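S.K.: Here it is, the structure in full.
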Amino acid sequence: MVRLQLALVALLTLSLALIAWPAGGEGVYTVTANYPVQVKVNGVERPVPAYARPGDNVCAPESVYLDEGSRGVFRGWDGFVRDPCVRVAGNLSAVYVKEHLVHIYTQPEALRRSVWVESGTFLTLDYPAVYNESEGVRWVFQSWSAGETPFQPSNRVYVSKPLRVEAHYVKEFRLTALGTHGVKVNGSGWYREGALAVVSGPKEAYIGNLTRLALTEWVSAGSVPAIVVPQSSMAVAVLEVRGPHVVVARYRAEHLVVVTSPQGVLYSDWVGEGDEVRLSVPEHIQLGQDTRLRFAGWRGLENHPVPELRFRVSEPVNAEAVYVRQYLLTVSSPVGAGGAGWYDEGARAVVVVPENPPANVFVKRRLTGFSGDCGECVHRKGVMELVMDRPRTITAAYASEPDIVNLGILAGVVVAGGVAYAAGKRGGEKGGKSAKHEVSGPVPTCDVCGSELPAGAFFCPYCGAERRKAHTIMSEA
């Protein structure tokens, strides 16, 4: 059919040429073509059919546009000579083939192209299933708008007219989900533009029993920012994919901190690395009237000797407030004593009392021993050692003895006073003077030994006891 059309066109062209330029001379040849073109005869353009003499130079155009999207392409003279310019040696017929323009449209733009295809033939289309546009950006093939295999990247299209063939691709972005401290999180992969991506990671990742990694937040870390929305559990986050995103799950190291004391657990919790812990314990824990515990330090935190604990966490901590049991030593003595107080359990206490303390100028005291919770109560010159394995109450006992030396001096003074008094009385009688002396009221006595006390005395001159009862001696001169 096509060849018949070409033959009719050539015949019509030849008839028009004969009418325009009838052959009247000897040695004149005709130049024709199967499409209306203009050839150059010795450099002068002439429509076909044209006439040339032997030896003339005739050139046919390599292509001619027939209409929009269609053209004729020179294939040779009479189908044999491929050179478009020849020397005339006889009649010439230029053969042209019709071609149609096929536009191949697609996203991405780099895969777009246009190609001329001979009419009545098949165009083979071989496109990639995945086209990587740039780092983290790719296009994935979906389908063709026409052809024998429209749902495969490789396709064939029959061309009989100008065509526009579309290859449908969808754009995808790569999402990279990372976790700090080497924690593996889920959600990395390729997502279509505008899709919602779900990323997830463990809320806690344990490194042994005493250290763990706790998820604190989700952040966007790539060159293309993303809005990451954590869900209520924090272990899951959602984002809309608008580019090649990098999402990071931030973890922090936490260590188990346990602090105990004799009263129980003071503190037990997971503490972030570098965070500070503050707490305190009492310096003394009273267990009774005469038993208590004394703070002695921290086991597990030996560099903290005081009850107020303050430290930064860099590793798991298992600390205990260490206390020492103490017992109270009570010492009773009428003249005072040293050594009473609180002692650590097992410590040695030294009790010291004066062996011969003075009472007054006429009485002296002598230590007779100790009594109470002291076993045999052995002492040496008022010094006694005790092992404080329990609360103890000790009493120092004294005996009062008269001071012979001072009493002798006192007696001499009294005798001398009596002699002087008698002499004075006699002298008064001789002088005709009389004196009346009357003593009334009870005579003061010692509450301890019952001895008579001199008037105005505050201590008994015999036993050294302090005078307690008030006595009145009335005298009248």
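S.K.: Of the peptides 243-251, 99-107, how do they stack up when ordered by the mean number of other Cβ atoms within 10 Å, highest first?
M.R.: 243-251, 99-107
S.K.: How do 82, 46, 75 rank when sorted from fewest to most other Cβ atoms within 10 Å of their own Cβ?
M.R.: In order of increasing Cβ crowding within 10 Å: 82, 75, 46.
S.K.: Can I ask one more? Local charge sum around residue 398 (other residues, Cβ-Cβ under 12 Å, Lys/Arg +1, Asp/Glu -1)?
M.R.: With Lys, Arg at +1 and Asp, Glu at -1, the net is +1.
S.K.: Percent relative contact order of the range 268-313, based on C-alpha pairs within less than 8 angstrom and at least six residues apart?
M.R.: Value for the range 268-313: 51 percent.
S.K.: Within 10 Å of each residue's Cβ, count the other Cβ atoms and sort 234, 384 from fewest upward.
M.R.: Ascending number of Cβ neighbours within 10 Å: 234, 384.
S.K.: Then there is this: Give the residues of the range 276-312 whose amide nitrogen is closer than 15 Å to a point set 7 Å from the Cα of residue 322 in the direction of its Cβ.
M.R.: Only 294-307 fall inside the zone, counting backbone N under 15 Å.
S.K.: Shifting gears a bit: Run the numbers for residue 381 and residue 78: contour at 0.36 nm per residue of separation, minus the present Cα-Cα distance, in nm.
M.R.: Contour length minus the Cα-Cα distance gives 93.9 nm.
S.K.: Determine which aspartates and glutamates satisfy two conditions relative to residue 364: a Cα distance under 20 Å, and not lying fewer than 8 residues away in the same chain.
M.R.: Candidates past the 8-residue exclusion: 355, 401, 403, 447, 452, 466.
S.K.: What list do you get for 149, 176, 30 if you sort them by fewest beta carbons within 10 Å?
M.R.: Placing the least packed residue first, the sequence is 149, 176, 30.
S.K.: Related question: Taking the Cα centre of each part, how many Å lie between the range 137-200 and the range 24-88?
M.R.: Measuring centre to centre over Cα atoms gives 51 Å.
S.K.: Once amide H atoms are built 1.01 Å from N in the peptide plane, which residues 5 or more positions from residue 340, or in another chain, come under 5 Å H to H?
M.R.: none
S.K.: In addition: What is the local net charge at residue 122, summed over the other residues whose Cβ is closer than 13 Å to its Cβ (Lys, Arg +1; Asp, Glu -1)?
M.R.: So the environment of residue 122 carries a net charge of -2.
S.K.: Can you tally the net charge around residue 50? Count Lys and Arg as +1, Asp and Glu as -1, for every other residue whose Cβ sits under 14 Å from the Cβ of residue 50.
M.R.: Summing Lys and Arg as +1 and Asp and Glu as -1 gives +1.
S.K.: I need the phi-derived Karplus couplings for the range 270-287: 6.51 cos²θ - 1.76 cosθ + 1.60, θ = phi - 60°, integer Hz, Gly and Pro marked x.
M.R.: Couplings: 8, 10, x, 4, x, 6, 9, 10, 10, 6, 8, 10, x, 5, 10, 10, 7, 9 Hz.
S.K.: Give the long-range amide H neighbours of residue 275: residues separated by 5 or more places, or on another chain, with amide H under 5 Å away, using H modelled in the peptide plane at 1.01 Å from N.
M.R.: The list, which skips near neighbours in sequence, is 313.
Values in this text are rule-based calculations from the coordinates and carry no lab data. The structure presented is a predicted model; accordingly, all values stated were derived computationally and were not measured. Ideal geometry is used to build each Cβ from the backbone, glycine not excepted, and the neighbour counts take in all protein chains shown.
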